1. Considering each of 19, 50, 74 in turn, give the residue that is more than 17 Å from residue 89 (Cβ to Cβ), outside any loop (DSSP other than H, G, I, E, B), out of contact with any strand residue (DSSP E or B) (no Cβ under 7 Å at 6 or more places or on another chain) and in contact (Cβ under 8 Å) with a residue 12 or more places away in the chain.
2. Can you tell me which residue among 44, 35 is out of contact with any strand residue (DSSP E or B) (no Cβ under 9 Å at 6 or more places or on another chain) and surrounded by fewer than 17 Cβ atoms within 10 Å (Cβ to Cβ)?
3. Determine if region 34-41 includes at least one residue that is free of Cβ contacts under 8 Å to residues at least 12 places away in the same chain and part of a helix (DSSP H, G or I).
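A short reminder: the numbers here are calculations on the coordinates, not readings from a lab. Just so it is clear, the structure is predicted and the values come from calculations on it, not from any experiment. Glycine gets a Cβ as well: all are built from the backbone with ideal geometry, and neighbour counts include every protein chain shown.
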């Protein structure tokens, strides 16, 4: 479980960009912040797009994401997702 709300602004912006492109949210990009709810809040984020998002994040950041690491809380908010990615990059 990711608990750290403090994330690098650069990582956050890159994760946000991946989410925006993967979920086709260009028209909402300006409204997305660390507290923006993802899973259960964005109708664009279903089980198929979760897989697409994981693949896109793996490619963009060169990280490995194991199946056992894909927990619902990682996708609670954009900030939690960015913190998860940041933990994998470090």
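1. The unique qualifying residue is 50.
2. 44
3. no
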